[in-house]
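Notes to accompany the following structure.
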Amino acid sequence: MCITTLCIQRKGKEYNIGGNFKGMPIFIDILLTSIGFATFSGCTELTIYAEATSKPGGWAGNWNSSYCPVYWYSETENTDGHHWHYDTDGVTPVIW
């Protein structure tokens, strides 16, 4: 089972994004400073691209309890296998 609705809170407002996220990339905006416990629980086929350069302090320690691949943003080359940047089109994620 995988989530069919993603709920994001931003500036005190709650947003629900519907859809089947199985196998789809998820982009987490750099402005998202809080993610709760087991947010992606049961979603084993997601790829997560975070615009943050590392896990923000407001994210729960086990926010990614399904161990989906997570890539952190880096404008400079970082070939450790855990970072990404935008392609020249400004849209497509590319893993360093």
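The values are calculated or read from the model by the stated rules, or taken from the named source; none is laboratory data. Everything numeric here is computed off the predicted structure, so don't read it as measured data. Every residue, glycine among them, receives a Cβ derived from its backbone with ideal geometry; neighbour counts consider all protein chains shown.
Annotations for the structure displayed:
- Restricting 27, 21, 40 to residues that are modelled with pLDDT under 90, in contact with a Phe, Trp or Tyr (Cβ under 7 Å, 6 or more places away or on another chain) and not small (Gly, Ala, Ser) narrows the list to 27.
- Tally, over the stretch 20-67, of residues that are in a loop (DSSP other than H, G, I, E, B), touching a residue at least 40 places away in the same chain (Cβ under 8 Å) and surrounded by 14 or more Cβ atoms within 10 Å (Cβ to Cβ): 2
- Test: residue in the stretch 62-72 that is touching a Pro at 6+ places or on another chain (Cβ under 8 Å) and either within 17 Å of residue 32 (Cα to Cα) or among the hydrophobic types (A, V, I, L, M, F, W, C) (or both): yes
- Of the residues making up the stretch 68-96, those that are of a type in the set (Ser, Thr, Tyr) and touching a residue at least 24 places away in the same chain (Cβ under 8 Å) number 2.
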